[in-house]
1. Between 0 and 90 degrees, rounded to the nearest ten: what's the tilt of helix 310-329 against the longest Cα principal axis of the chain?
2. Kindly provide the helix-only [θ] at 222 nm of the chain, computed as the sum of -39,500 (n - 2.57) over DSSP H runs of four or more divided by all residues, to the nearest 500 deg cm²/dmol?
3. Could you grab the Rg to Rh ratio for the chain? Cα atoms only, Kirkwood for Rh.
4. Over the chain, what is the percentage of antiparallel beta bridges among all DSSP beta bridges, to the nearest 5?
5. Once label points are set 7 Å from the Cα along Cα→Cβ at both Gln327 and Arg260, what is their separation, rounded to one decimal in nm?
6. Could you derive backbone 3J(HN,Hα) for region 199-205 from the dihedral phi with the Karplus parameters 6.51, -1.76 and 1.60 (θ = phi - 60°), listing whole Hz in sequence and x where the residue is Gly or Pro?
7. Between the helical axis of 2-33 and the dominant principal axis of the chain, each derived from Cα atoms, what acute angle in degrees is found, rounded to the nearest 10?
8. Report, to two decimal places, the Cα Rg of region 170-222 normalised by 2.2 N^0.38 Å (N = number of residues).
Amino acid sequence: MSQRKNRETKTSFLKHFSILTLLILTALLAESCKKPGLSASEGYVDVPGGKVWYRVVGSGEATPLLLLHGGPGGPCDELLPLQKLADERPIIFYDQLGGGKADRPDDPSLWRMERFVQEVAKVREALGLKEVHLYGHSWGTMLATDYMLTGPTGIKSLILASPCLSTKRWVEDADKLIAELPMATQETIKKHEEAGSTDSKKYQEAVFEYIKRHVCRLDPWPPELKEAAANTGIAVYHSMWGPSEFCPTGNLKNYDNTARLQEISIPTLLIVGEYDEATPEAAAWYKSLMPNASLVVIENGSHLAMWEETDAYIKALRKFLNSVEQQEKG
């Protein structure tokens, strides 16, 4: 009788143990099958030359969006309206070395394209971004394009916002836009650029007339955008670009990757404002050079159309990202 009871107890234990084991294995399998996601966080990442600051907004399960801000030397806060996309996916903001909350080393040799391309790779590695959509704005489109041409894996799509992919074309378009300014403003710009006195108050006032038309048409600017402008790393901007938006004298003055755009075959969205200094005509030309690209022009927007026409801008980005992911699912 005692032996029979022992056998029944043992059988019951084994049965329950098997069920428990099955439940544990099922839970572990389900956990391993979950699509890895990022959690909202912020911190610093070691990159060549120092540390950069990052912030992850949102924690949705859709593929993360990595943002490359404008500048060079600008902070990622210029792209704050894009956090509206965080209801579907993680959005990764980061301040590139030399601006915003990133380190600002006093070493001019760091301000070159190759180092910034390495920086993107380091940020992806540190944050475990095996699969991402990549967004670049203004200077960030130069950086995104050069990074893509290194052949990285895991980039699901590319967004080139207000692109500058040829400095020569940028200057040609800027000359046309400057010709639409009041004659006195045009003469001030020409006078100080020829004299090399671009640090003068008169020159900066003339530049601001251009900025009000083609960079941000809001009046007044939102406080967050004013603060972002104040946090720009001027040393980086001057070293790589120059004294103003339309006067490239730095090491990007001969930048042009248009001959290689055909090598970028992933889905690509070019998005610009109607009054953008990165003109819709230039964007249409870049689009024609890429095998899998589309173009959206935001009405009434300029270079910072994400601030001026936020709803239309976010709608266009969301539509593109969701379309890419739907096509991937088949």
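None of the figures in this text is laboratory data; all of them are computed from the coordinates on show. Here the structure is a predicted model, which means the values were calculated and not measured. When we count neighbours, we look across all protein chains shown, and the Cβ atoms used for this are built from the backbone with ideal geometry, even at glycine.
1. Result, in degrees: 50.
2. Details: 11 runs with 144 residues, N = 330.
Counting only the DSSP helices, I get -14000 deg cm²/dmol.
3. Details: Rg = 24.9 Å, Rh = 21.6 Å.
When Rh is taken as the Kirkwood radius, the ratio is 1.15.
4. Details: 14 of 36 bridges.
Of all bridge pairs located within the chain, approximately 40 percent are antiparallel.
5. Each label point lies 7 Å from its Cα, and together they span 2.3 nm.
6. Result, ordered by residue: 8, 6, 4, 4, 5, 5, 5 Hz.
7. 10
8. Values: Rg = 11.4 Å, N = 53, 2.2 N^0.38 = 9.9 Å.
Against the compact-globule rule of thumb, the ratio is 1.14.
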